[in-house]
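Take a look at the structure set out below.
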Amino acid sequence: MSRTCDICGKSPMYGNKVSNSYNHTKRTWRPNLLKVKTTIEGTTRTINVCTRCLRSGFIEKKVHVPKTEVQVTENK
């Protein structure tokens, strides 16, 4: 699984952690990715989307609508 957003291409960034004594050690900043089910070209797919793209409305989640009690009682 690659740690990149399928919409904007955001991926991990690399840099240095700097302590109070100014020691440098390597570290990574990973993007906040979520697996989201969405409809793309009429098919349902699961893609990795960063929360910024999800919040900005670039992708729309596929929502499962549960059955209501009225529908359940009518079928019985």
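The values are calculated or read from the model by the stated rules, or taken from the named source; none is laboratory data. Predicted, not measured: the structure shown is a model, and the values here were computed from it. Cβ atoms come from the backbone with ideal geometry, glycine included; neighbour counts cover every protein chain shown. Note: areas computed on protein heavy atoms with side chains; ligands, DNA, RNA excluded. Shrake-Rupley method; radii C 1.70, N 1.55, O 1.52, S 1.80 Å.
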Next on the checklist: If you take every residue apart from I47 with its C-beta less than 10 Å away from the C-beta of I47, what net charge results, scoring Lys and Arg +1 and Asp and Glu -1?
Outcome noted: +2
Checklist outcome for this item: Relative contact order in percent for the chain (Cα pairs under 8 Å, 6+ apart) equals 24 percent
Checklist entry - Can you tell me the accessible area per residue over the chain, all protein chains present, probe 1.4 angstrom, in square angstrom? => result 89 Å²
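Give me the Å³ per residue figure for the convex hull around the C-alpha atoms of the range 5-52.
Per residue, the Cα convex hull of the range 5-52 comes to 75 Å³.
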Checklist outcome for this item: Note: K62 to M13 extended length (0.36 nm per residue) minus current alpha-carbon separation gives 14.7 nm
